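The values are calculated or read from the model by the stated rules, or taken from the named source; none is laboratory data. Remember, predicted model here, so these are calculated numbers, not experimental data. Methodologically, a virtual Cβ is constructed for each residue, glycine included, from the backbone with ideal geometry; neighbour enumeration extends over all protein chains shown. Calculation scope for accessible area: heavy atoms of the full protein, side chains included, ligands and nucleic acids excluded. Shrake-Rupley method; radii C 1.70, N 1.55, O 1.52, S 1.80 Å.
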Amino acid sequence: MRRILYFTCICFIVQIVSKNVYAQETAVYEGLTYYLNKKEAFDAAKVQNKQVFLFWGSNLCGICDRVKKNMSAESVRSILDEHYILWFCDALTYRSSSPEVSDYMTITLSTYPILSVIDTYDTKIGHGTVSGYQTEAFLVSMLNRYVANDYVEGASGSHDAYVYQNNLMVKSAVNEEIKVYAVTGSLVDGFQKTAYSITRDASSYPTGILIVAGSSGWVRKVLKN
């Protein structure tokens, strides 16, 4: 009987310790799971071939709570689940100058939260960094522009393509022919771009990953929901 009680107590203690350890590694806000440890977030992103979405804020911040709620909306959550690993970094513990996050603070802002998409293969450079309250629509636009491995070749700041509200947005510095392909390689659309930026109706495009190619030599992946 004593052995049974002893074994039961040991199992109970192990269970409590395991739960506490797990709680220290992740947190759930509005139904989304966030890594709390930087290394674990990046390790998971590399294994799953995803990017890291940094949420630098405070659990005592009302604006942060509103943004977390917007992130849990189905339109945002579907993109996060497929392409991103969430990392929550407590701003009260890790200041913007902290080595933990300073590399990703590409803007000098103090309004919580600061959100940044981070490429795990170039972790010193954050991109898509914003600060303060962000709506559901803005988050969808931001995340779609930085889906995992969206840069294929020849892409730089002078070339950009993304889908927002069933419209393909294309920007490049030259007049050129634009072609859109499904991941299977089949041609979805082709048109001539005669301005720096152009908006194209994408409502007939298939959902999922699409390849946008400019005749000047750049190629980019985009996501259509």
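Determine which member of the set K69, K46, K50, K124 is within 18 Å of the chain's Cα centre (by Cα) and modelled with pLDDT under 75.
Checking each option against the conditions leaves just K124.
Against the definition (open to solvent by less than 10 Å² (accessible area, probe 1.4 Å), in contact with a helix residue (DSSP H, G or I) (Cβ under 8 Å, 6 or more places away or on another chain) and modelled with pLDDT of 90 or more), how does C64 come out, yes or no?
no
When segment 179-196 is examined, which residues are found to be of a type outside the set (V, I, T), at pLDDT 90 or above and open to solvent by less than 30 Å² (accessible area, probe 1.4 Å)?
Residues satisfying the conditions are D189, F191, K193.
I'm trying to understand the selection: among the residues of segment 171-187, which are outside any loop (DSSP other than H, G, I, E, B) and under 20 Å from I79 (Cβ atoms)?
V180, A182
Does S156 meet the test of being open to solvent by less than 60 Å² (accessible area, probe 1.4 Å) and either part of a loop (DSSP other than H, G, I, E, B) or at pLDDT 90 or above (or both)?
yes
Does T199 qualify as being surrounded by fewer than 13 Cβ atoms within 10 Å (Cβ to Cβ), part of a strand (DSSP E or B) and hydroxyl-bearing (S, T, Y)?
The answer is yes for T199.
With respect to the numbered conditions (1) part of a loop (DSSP other than H, G, I, E, B); (2) charged (D, E, K, R); (3) modelled with pLDDT under 85, which one is the sole condition not fulfilled by R95?
Condition (3) is where R95 drops out.
Tell me the residue from K39, K69 that is more than 22 Å from Y164 (Cα to Cα), open to solvent by 10 Å² or more (accessible area, probe 1.4 Å), free of Cβ contacts under 8 Å to residues at least 60 places away in the same chain and basic (K, R), please.
The conditions single out K39.
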